[in-house]
2 protein chains.
Amino acid sequence: MSAFAERLTTQSARSETVMEAVARRIESLIRSGELRVGSRLPPEPQLAVMLGVSRSSLREGLKGLMFLGLIKARPGHGTYIQSSLGRGASRHFKWMLLLREVKYLEIYELRKILEPAVAALAARRASPEDLEKMEAAILGMKSNFARPEQYMACELAFHEEFGRAAKNAAIEMMLRMMYAALAEGRRRTLPLIADFESNWRRHQRILRLIARRDAAGARRAVLDDLRYAETLLRKDLKAQENFRSKVGEIQLEPSKTKRKAPAKLQRADLKQG
Amino acid sequence: MSAFAERLTTQSARSETVMEAVARRIESLIRSGELRVGSRLPPEPQLAVMLGVSRSSLREGLKGLMFLGLIKARPGHGTYIQSSLGRGASRHFKWMLLLREVKYLEIYELRKILEPAVAALAARRASPEDLEKMEAAILGMKSNFARPEQYMACELAFHEEFGRAAKNAAIEMMLRMMYAALAEGRRRTLPLIADFESNWRRHQRILRLIARRDAAGARRAVLDDLRYAETLLRKDLKAQENFRSKVGEIQLEPSKTKRKAPAKLQRADLKQG
DNA sequence: TGGCTGACTTTGTCTGACAAACTATGCCTC
DNA sequence: GAGGCATAGTTTGTCAGACAAAGTCAGCCA
């Protein structure tokens, strides 16, 4: 009868690793209210004794939580539970892009679903402070037409404030994940803004409509901007494809690209991997 | 002029930790094409030499990536790069719920934005296999009205197939994150399904409309289901609030056990987290 | 041929130690 | 008395070496 359900609930019988146990234990401490955002965890040696594991194992578990952005260690100070909306998750998203499991065009499809709705929410809910911050970001963009790096930083700030203005933490987290992942792969997004001034004008229009509480207008403006950016992306992808098919065979040699490795990793040589 | 941009680009000058370096190094290996999904990483001792770090530090870095679901270690076998859509990220989402940084109602607002659009996409793109799998999940639900655990497992399976049918990896990842997080906090979602049969009927209707390629109908059906579930959630939240306000004062002693609180966890048995 | 044993590989965990970063206290100088 | 500096103490970061556990695989024997 319930064969389908059986198959689903069958867990892999692998014994739980200490790392997982540490994470679950700390989770339960949060659930019980003993730990909350900002709390300091007991020192590592003490915590290791409490949990009955060695310090190294404990640290591996903590590192996992750090990667997720859920805790933050300050040397000589302590380890704290951190308020983090999408900090760690964006790294996850970035990897999906790296591994080509997620395509840029797919992200734009997602954005076209999410962001117009977010714009409508922002038009209804944005506080004066939100509007001020978005305005500041817009001004920052305007004064940096000639400096791509800084222009992009301001644009990212605008988008983050935009997400925050919708007054929904789940949405804010999702958007931050996407934006952070996109910003990291800036190679791909930077050339898309052929004309900073035109890009800036579209953003300014979005802000103006939000400030006027014009939900429908803001929704349309965001969708327009995304459509425009998507068109550029499509062109860029096609150009790159042509480039690859032409140059692909020539540059078959392994990545000899000089990359500045951090000092501590100088001995790195992974050719045999 | 560009003070705003300056403030944004100012990084915290904290020296990079080995863990971060390890992660970046492996990232660059993926970027250069030396590693891809399914690749086996070199053994830990060897990799440690390559990166010029000790095995313990390397392991901490790897654990971080494991938590994100990006690599998977098999004892006695090796460590592999894993294809993971939202496996690690869902844990992140769950924590946000735990820490009360994200509220359940906010997730429902997000779902009401996302899922109707996804339903429309699924109606256009679902393959026969997708429809079969959703059908199987629906059947599984039907035969488990009396077994809540298994019913929920089947419902989760239905939603995952639903997300997959939209044929967009970014969307699939987002949905899996949400569903996994909601499923973990099942305390909250289980009682919401007052009547399994009614819940099942709504799901069946969604599937039928997707199978008929009725995008608009599927969109409406999903929105209806979400509205219904949200109503139940609102009632449940209100009931819980009443309960808290009655029982809350009695054990209102969070600050008294401030620093020494974890002390009672000494020798805590890990297995019962 | 088939199954079992043993060596080998690889990850999991533990112990102990020292370095680095930050805090806080107390001393010394002005 | 006030302020700067040095020192001790706390806490995380990193390293080294060792053994256990788990899985693979070749080779031996019935």
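Counting only protein heavy atoms and using a 1.4 Å probe, what share of the accessible area of segment B:16-81 belongs to carbon plus sulfur, as a whole percent? Mind showing how you got there, number by number?
Numbers: 1360 of 2650 Å².
Here carbon and sulfur together make up 51 percent of the probe-accessible area.
For chains B and A, what's the summed buried accessible area, probe 1.4 Å, to the nearest 100 square angstrom?
On the way: alone 18380 and 18450 Å², together 27670 Å².
Interface between B and A: roughly 9200 Å².
Per-residue mean of other chain beta-carbon atoms within 10 angstrom of the beta-carbon, peptide A:19-31?
4
Which percent of the accessible heavy-atom area of segment A:88-200 goes to carbon and sulfur, probe 1.4 angstrom?
51 percent
For Cα pairs less than 8 Å apart in space and 6+ apart in sequence, what is the mean separation divided by the residue count of segment A:88-242, i.e. the relative contact order in percent? Present the calculation step by step, with values, prior to reporting the outcome.
Working: 167 pairs, mean separation 55.7, N = 155.
Rounded, it is 36 percent for segment A:88-242.
Note the distances from B:Lys72 to each other copy's matching label point, with points 7 Å along the Cα-to-beta-carbon direction, in nm, sorted shortest first.
3.3
Using only Cα atoms, what is the ratio of the radius of gyration of segment B:88-237 to 2.2 N^0.38 Å?
Taking the Cα Rg and dividing by 2.2 N^0.38 Å, one obtains 0.97.
On the full set of protein chains, 1.4 Å probe, figure out the accessible area of B:Cys154 and give it in Å² to the nearest 10.
Ignoring ligands and nucleic acids, B:Cys154 comes out at about 0 Å².
Give the accessible area for B:Arg176 in Å² (nearest 10); use a 1.4 Å probe, count only protein heavy atoms, and leave out ligands, DNA and RNA.
50 Å²
If you rank A:Lys238, A:Lys103 by how much accessible surface each has, with a 1.4 Å probe, what is the order from largest down?
A:Lys238, A:Lys103
Which whole number gives the average, over all residues in A:165-175, of C-beta atoms from other chains lying within 10 Å of the residue C-beta? If you can, show how the numbers build up before the last one.
Details: counts 0, 4, 2, 8, 9, 16, 7, 4, 9, 7, 0.
Going residue by residue through A:165-175 and averaging, the value is 6.
For segment A:16-81, would you read off the P(r) tail past 18 Å as a percentage of all alpha carbon pairs?
Everything past 18 Å amounts to 26 percent.
How much accessible area per residue does segment A:88-242 have, in Å², with a 1.4 Å probe?
Working: 6450 Å² over 155 residues.
Here the per-residue accessible area is 42 Å².
Are there residues in segment A:90-105 whose accessible area shrinks by at least 50 Å² when all protein chains are included rather than the chain by itself, and which are they (probe 1.4 Å, ligands and nucleic acids not counted)?
Buried-area filter returns A:Arg91, A:His92, A:Trp95, A:Leu98, A:Leu99, A:Glu101.
Given a 1.4 Å probe and heavy atoms of the protein chains only, how would you sort B:Val18, A:Val102, largest accessible area at the top?
B:Val18, A:Val102
Provide an ascending nm list, one decimal, of label-point separations from B:Leu232 to the equivalent residue in each further copy; define each label point as 7 Å from Cα along Cα→Cβ.
4.6
Please report the accessible area of A:Asp195 (heavy atoms, 1.4 Å probe, ligands and nucleic acids excluded) in Å², nearest 10.
Its heavy atoms expose roughly 80 Å² to the probe.
The values are calculated or read from the model by the stated rules, or taken from the named source; none is laboratory data. The shown structure was predicted, so the numbers you read here are calculated from the model rather than taken from an experiment. Positions of Cβ are generated from backbone atoms using ideal geometry, with glycine treated the same way; all protein chains shown enter the neighbour counts. For accessibility, only protein heavy atoms count, side chains too; no ligands or nucleic acids. Shrake-Rupley method; radii C 1.70, N 1.55, O 1.52, S 1.80 Å.
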